[in-house]
Amino acid sequence: MQQQDAEGEDMSDPLFRRIFIGPVELKNRLFMPAMHMNMCRDFQVTDQLIEFYRERAKGGVGLISVGYATVDELSGSPANIGAHLDEHIPGLTALAAAIHEGGAKATVQLNHAGRYNSSFFLGGRKPVAPSPVACRMTRETPKELEPAEIAATIRRFGDAAERVRKAGFDLVEILAGTGYLISEFLSPLTNKRQDSYGGSLENRMRFGLEVVDEIKSRLGDDYPILVRLNGNDFMEGGIGQDDLLEFAVALDEAGVDALCVNVGWHEAQVPQIVTKVPRGAFAYLARDVKERVSVPVIASHRINDPRIARLLLTENFCDMVAIGRALIADPWLPEKIRTGRENEIIHCVACGQGCFDHLFKMKPVECLCNPRAGHEYEPQPAKTQQPKKVMVVGGGVAGMSAAIAAAELGHRVTLYEKGLRLGGQLHLAGAPPGRGEFVIFAEDLARQVVHHGIRAVIGSPVDLKTLEAEKPDFLVLATGGEPITPPISGVDREHVVQAWDVLAGKVETGRRVVVVGGGAVGIETALLLAEIGTLSGEELKFLLVNGAVTPDKLYKLATEGTKEVVVVEMADTLGANFGKSTRWGMLQDVGRYGVKTFIQAKVLEITEGGVKIEHGGETRELPADHVVLAVGTRPANPLQKVAEELGIDFRVVGDAMAPATVFEANHQGYNAGRCIA
């Protein structure tokens, strides 16, 4: 029997037990943390941002934090939410109202970027920081804050907090991590001051604690303060976990009402948000904080599934869980959990392509998994009153997305896939180590096909006879692509294989492998091969716990496989078609796993025993037992002419039109399905 509270709420699921932050009661333990959406204009809240958050509130999350929001003119860019002027209050008020109307509580995260800001956004003015230590991200050296400027900045935090309360938000949040201004005061890496704000840990904590004191003095003890702090900066020469635990204790003693434990700086070399980071990997940091403080603690980073979220709560790692990008991917995740529909969740794959990477491009946030994210404010087509017979050919991401979108509008949809499973190239993208979330995404979409009542015909190629028999009113061609075979002498030798076949597990390779092509597919294939023969996580844990080998030896066993892998690329860079947030980590692994690379190299010939290349003006032969081709994709679209001859209205999407990323394929498919009138 399910346990219920006095209001009839289900108490058996730890995710939906009520909790208080200060005097504010939350209906569940799910928190959407602040993420920069790039949806504001001149610091003003837009309809795009309001409708984005309205949708997440309706989806059932207990608490939403928006931001970060600026505290003065030096603290952010015009695309940030503004809280540093009274003229920002109306927009903030509208945003708070939308979140409340959706059923969630709301908070604003206040922050000052410090040296992470850029003079580009400041009209040529220098960013400010505790000390003039150059920033690797912006390549600028900030101006050192004078004591009077520090005092003024603290007051501006208080001013902004008062605006947040006036706008109707339930709490205020302070960002004290991630390498921004409060972090910069905390860290000896960026704080070289000799006054009362520098030197000892007590002094370096002073700025952050004075910000808390200022806000409390303005708002009183009854208005809750949430602080997001780092559990570890992961910065060499910076502040580590032990000192950050002391800071957490100090914040607790200063009267904050909850702590959200973040991890890393933006420039840290430890991956924090990408697919390869295991789900919940950093939750141990929240557990360590929880053991030291008396207020609720929120765990964050790579929590995209209710099972890991429940585990963290039941095992006392935390009191709440932060699910950020998971709610970009699926706004209705909380409600699906609450109503027993977890099998309908679309999981975030942590690719960063539509969220984090868009920030570098100065574009509003979108989502690879959710084509509607960022477009909630746009008019949506009404459900059709005249359902059409829609036929989708191809069961990859573009085809499934098109089929689902068309079915949502009420059309009668049949999906044809010549293979024996849905998902297409998502299964290839998910084959390399640390990329398994793409396979989960394929499974999520396949379940959506079933959920929407779409007739799926598996293992059935489509030809002229099929089209004549089906007689669809509208046809979506999502037949994908095929790997290119380059015109290289010797390319037809038996030991030459395609990367797709390696990723699909259709072929095995010898000890020495040369991968021709250093784009995303080539790098992923090279890493897959390079990890063969390394120890698994389970094996490494066994050896570590039992003291069987030294840590140095464990590292070698984790990174030294049984194959010699070489990548040859004609261009002057590797992995150019990776997203920015993914590429640096993938190239880091290329070095770690001993993959040799040749850029600006031309393959001249594939011989019986290797590959002849021209590199640096010299010709050399690379020995190879197998040569793997990863030189690109071309459209495979044999049905377009047939459809034209039959006079069938159609649309081509994904690789069938032109080589596309997963992001592009999903969005193209969705738009094709939504355009069927």
Which of the residues that make up segment 530-564 are part of a helix (DSSP H, G or I) and touching a residue at least 40 places away in the same chain (Cβ under 8 Å)?
ALA530
Looking only at segment 316-342, count every residue that is within 19 Å of GLY354 (Cα to Cα), of a type outside the set (A, V, I, L, M) and in a loop (DSSP other than H, G, I, E, B) and tell me the total.
4
Kindly establish whether ALA326 is at pLDDT 95 or above and buried (at least 24 other Cβ atoms within 10 Å of the Cβ).
yes
Give GLY430, GLY419 a once-over and let me know the one that is in contact with a helix residue (DSSP H, G or I) (Cβ under 6 Å, 6 or more places away or on another chain), without any contact (Cβ under 8 Å) to a residue 60 or more places away in the chain and surrounded by fewer than 24 Cβ atoms within 10 Å (Cβ to Cβ).
GLY430
Within segment 638-663, the residues that are outside any helix (DSSP H, G or I) and either charged (D, E, K, R) or over 32 Å from the mean Cα position of the chain (by Cα) (or both) are PRO638, LEU639, GLY647, ILE648, ASP649, PHE650, ARG651
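This table checks each residue for (1) at positive phi; (2) charged (D, E, K, R).
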| position | (1), (2) |
| --- | --- |
| ASN262 | no, no |
| LYS276 | no, yes |
| ALA281 | no, no |
| LEU285 | no, no |
| VAL289 | no, no |
| ASP305 | no, yes |
| ASN316 | yes, no |
Within segment 146-175, how many residues are in contact with a Ser or Thr (Cβ under 7 Å, 6 or more places away or on another chain) and closer than 19 Å to PRO132 by Cα?
0
Criterion first (under 31 Å from the mean Cα position of the chain (by Cα) and modelled with pLDDT of 95 or more) does LEU219 satisfy it?
no
Pair list, Cβ < 7 Å and 6+ apart or interchain, from segment 488-504 residues that are within 9 Å of LEU629 (Cβ to Cβ) to residues that are assigned to a loop (DSSP other than H, G, I, E, B)
VAL491/THR485; VAL497/VAL507; ALA499/ALA630
Would you check which residues across segment 609-628 are outside any strand (DSSP E or B) and under 17 Å from ASP492 (Cα atoms) and list them?
GLY609, ALA624, ASP625
Assess whether ARG372 counts as being of a type in the set (Lys, Arg) and part of a helix (DSSP H, G or I).
no
Would it be correct to say that ALA382 is among the small types (Gly, Ala, Ser) and outside any loop (DSSP other than H, G, I, E, B)?
no
If the Cβ limit is 8 Å and pairs must be 6+ apart or interchain, which residue in segment 138-158 that is within 15 Å of ASP213 (Cβ to Cβ) pairs with which residue that is at pLDDT 95 or above and among the charged types (D, E, K, R)?
THR153/ASP72; ILE154/GLU210; ILE154/GLU214; ARG155/GLU214; ARG156/ASP72; PHE157/GLU214; GLY158/GLU214; GLY158/ARG218
Pairs with Cβ under 7 Å, 6+ apart, first in segment 214-241 and touching a residue at least 24 places away in the same chain (Cβ under 8 Å), second crowded, with 21+ Cβ neighbours inside 10 Å and basic (Lys, Arg):
none
Residue check: is GLY510 surrounded by fewer than 12 Cβ atoms within 10 Å (Cβ to Cβ) and either among the basic types (Lys, Arg) or under 33 Å from the mean Cα position of the chain (by Cα) (or both)?
no
Give the number of residues within segment 266-310 that are without any contact (Cβ under 8 Å) to a residue 12 or more places away in the chain and of a type in the set (Lys, Arg).
1
Return the residues of segment 236-272 that are over 24 Å from SER581 (Cβ atoms), part of a strand (DSSP E or B) and either among the polar types (S, T, N, Q) or in contact with a helix residue (DSSP H, G or I) (Cβ under 7 Å, 6 or more places away or on another chain) (or both); say none if nothing qualifies.
LEU259
Is it true that VAL211 is in the same structural domain as GLU144 (by TED's automatic domain parsing) and either under 30 Å from GLY102 (Cβ atoms) or buried (at least 19 other Cβ atoms within 10 Å of the Cβ) (or both)?
yes
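The values are calculated or read from the model by the stated rules, or taken from the named source; none is laboratory data. For clarity, every value in this text was computed on a predicted model and none was experimentally measured. Cβ coordinates were reconstructed from backbone atoms using ideal geometry, including for glycine residues, and neighbour counts include every protein chain displayed.
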